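S.K.: Encoded as structure tokens, here's the structure I'll be asking about.
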Amino acid sequence: MIKTRMTAFALAAATALTPLAAQGEIEWLQWFAAENTDGFYDELVADFEAKHPDITVKLVTQPFGKVRESIVTDSAIGVGSDVLGLNMPWTKEFLDIGILEPLDDYLARDDNSFATGDLVEAPLGKIDGHTWMVPLNAFPFVMHVNMGLVREAGFDAPPATWAELSAQTSAISALQDGTSGIGMPFSSQPPSNGPILTFLPLLYANGGRIMDGTTPNFDNPKVVETLQYLKDMNDAGGMAPGAASRTGGVDLEEFIAGRTGFLISPGVHSSSITSRNPELDYTLVRVPSNGENAYRVHGWEIGISADSANKEDAWTFVNYLLSPEVNARAAKAANALPGNLKALDAVREGADETLIKQMDILSGDTPVEEMRQSPKAVGSWSVMTEEIQAMLRGDQTPAETATAVQARWIELAK
């Protein structure tokens, strides 16, 4: 680690006495191990240290909701970790603060354990002329389906198009009290991320985008059309009531309990669904299309701190994580697709049915992740949440919603 993690007050009192960490010691801050309870990441670190006895890795695990704040706060007070678990939507904010080390020179090395061209592309796109993170794994957004409710509502197959999704959500909601077609989480409760979980996957399946490079482009016809689709679905009763107070966690729980027909979320949730309700008549499909087979991709990314004193050792660890054999193990542990596509065959071998289905569904579809280019991503999706809430209440039209988000995003970017 760069310095011993401590409070700002303790740091001020002890700065003169606290040296930088010894060469060969690195700290890895992430939330990945918090979502894997079988000790996999401790074993991974032990394996790395056995292969690299001159480097020690301290695994620092926090819940996902705290990692971004920790990275920002630690950077501000001069402490922090060498290797950082990253979420793509944090990118622009972290670049503005100067937290991340550019990885171009590391990626260009001839002795890496992987080829850059084999990595999942979305996190590698250059911003300000540089690549800032690499993918440990990838979670494509899919639609989870309660086939029991689909059949009870009179349909033989899950919806493949927007029109079919509208018809099925309304029919499922009409079955009985407490049953809803689809949950849509638009709570203002932090992280206020409902639109990136549900609205964006539908937008991408409509051929739309919200950014023009790093410039907000929310007030365009495809966005308005997608907002109108959400409003119409809500007005028709297909959406679970109380969207303004629903979070992604609530929607997942409702789906697992069998009370909703559909859930749009990362494919990784399939493991929770099948393990916690094995009796559920469950499948997953691509997000219904309105003209384009494209999906939002979300993953666990890795970067190096710009302030790290041990960047070479940090890269040695990153290089290890991206090697095909290790990357396949990490993907299987998270029930995810690998960040290194050379590991796909190894992941497929022995993978569970839902992971294989994700590979089959999404082969050839277009992966999209735009939030990494948006200004102040957390603030950006809070703005979307507030304006979509107003639309669903009937306070403004979809076109007015798109205009309001665009204006607030432009102001946010200043």
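The values are calculated or read from the model by the stated rules, or taken from the named source; none is laboratory data. Predicted, not measured: the structure shown is a model, and the values here were computed from it. Using ideal geometry, Cβ is built from the backbone for each residue, glycine included, and neighbour counts are taken over all protein chains shown.
S.K.: When you look at Ile256, is it farther than 24 Å from Phe64 by Cβ and β-branched (Val, Ile, Thr), yes or no?
M.R.: no
S.K.: Right, another one. Considering only the range 400-414, state which residues are assigned to a helix (DSSP H, G or I) and not acidic (Asp, Glu).
M.R.: We begin by selecting, within the range 400-414, every residue assigned to a helix (DSSP H, G or I); these are 400-412.
Listed by number, the residues that qualify are Thr401, Ala402, Thr403, Ala404, Val405, Gln406, Ala407, Arg408, Trp409, Ile410, Leu412.
S.K.: Of everything in the range 125-154 that's surrounded by fewer than 18 Cβ atoms within 10 Å (Cβ to Cβ) and not assigned by TED's automatic domain parsing to the domain that holds Ile256, which residue is modelled with the highest pLDDT?
M.R.: Going through the qualifying residues, I end up with His130.
S.K.: While we're on this one: When residues of the range 284-317 are filtered for being outside any strand (DSSP E or B) and not hydroxyl-bearing (Ser, Thr, Tyr), how many remain? Let's see the steps before the verdict.
M.R.: Pass one, the range 284-317, residues outside any strand (DSSP E or B): 286-288, 290-293, 299-300, 306-317.
Now drop any that are not not hydroxyl-bearing (Ser, Thr, Tyr), which leaves 286-288, 290-293, 299-300, 306-307, 309-315, 317.
Going through the range 284-317 one residue at a time, the tally reaches 19.
S.K.: So which residues in the range 124-154 are part of a strand (DSSP E or B) and of a type in the set (S, T, N, Q)?
M.R.: Once the filter is applied, which keeps residues that are part of a strand (DSSP E or B) and of a type in the set (S, T, N, Q), the range 124-154 yields Asn137, Asn146.
S.K.: Is there any pair linking a residue in the range 276-297 that is closer than 20 Å to Met233 by Cα to one that is at pLDDT below 95, with Cβ under 6 Å and at least six apart or on different chains, and which?
M.R.: Arg286/Ile361
S.K.: Ok, one more. Give just the number: which of (1) under 22 Å from the mean Cα position of the chain (by Cα); (2) surrounded by fewer than 22 Cβ atoms within 10 Å (Cβ to Cβ); (3) outside the structural domain of Glu93 (by TED's automatic domain parsing) does Gln406 not satisfy?
M.R.: If we test Gln406 against (1) under 22 Å from the mean Cα position of the chain (by Cα); (2) surrounded by fewer than 22 Cβ atoms within 10 Å (Cβ to Cβ); (3) outside the structural domain of Glu93 (by TED's automatic domain parsing), just (1) comes out false.
S.K.: Hey, among the residues in the range 330-367 that are modelled with pLDDT under 95 and among the basic types (Lys, Arg), which one's surrounded by the most Cβ atoms within 10 Å (Cβ to Cβ)?
M.R.: So the residue we want is Lys332.
S.K.: What are the residue pairs meeting all of these: first residue in the range 137-164, first residue in contact (Cβ under 8 Å) with a residue 12 or more places away in the chain, second residue small (Gly, Ala, Ser) and assigned to a helix (DSSP H, G or I), Cβ atoms under 7 Å, and 6 or more apart or on different chains?
M.R.: So the pair list comes out as Asn137/Ala330; Asn137/Ala331; Asn137/Ala334; His144/Ser270; Ala153/Ala171; Gly154/Ala171.
Yes or no, residue by residue, for (1) free of Cβ contacts under 8 Å to residues at least 40 places away in the same chain; (2) at negative phi:
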position	(1), (2)
Phe48	no, yes
Ile55	no, yes
Lys66	yes, yes
Gly78	no, no
Leu84	no, yes
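S.K.: More than 20 Å from the chain's Cα centre (by Cα), small (Gly, Ala, Ser) and surrounded by 19 or more Cβ atoms within 10 Å (Cβ to Cβ): which single residue out of Ser192, Ser180 fits that description?
M.R.: None of the other options fit; the residue is Ser180.
S.K.: Something else: Being in contact with a strand residue (DSSP E or B) (Cβ under 8 Å, 6 or more places away or on another chain), in a loop (DSSP other than H, G, I, E, B) and at pLDDT 95 or above, is that true of even one residue in the range 318-329? Walk me through it before giving the result.
M.R.: Taking the range 318-329 and keeping what is in contact with a strand residue (DSSP E or B) (Cβ under 8 Å, 6 or more places away or on another chain), we get 318, 321-324, 327-328.
Checking the rest, the ones that are also in a loop (DSSP other than H, G, I, E, B) come to 323.
Filter again for at pLDDT 95 or above, leaving 323.
Checked the range 318-329: at least one residue is in contact with a strand residue (DSSP E or B) (Cβ under 8 Å, 6 or more places away or on another chain), in a loop (DSSP other than H, G, I, E, B) and at pLDDT 95 or above.
S.K.: Okay, moving on. Please name all residue pairs, on different chains or six or more residues apart, with Cβ atoms under 6 Å, provided the first residue is in the range 252-275 and is closer than 17 Å to Gly148 by Cα and the second residue is part of a helix (DSSP H, G or I) and basic (Lys, Arg).
M.R.: Ile256/Arg276
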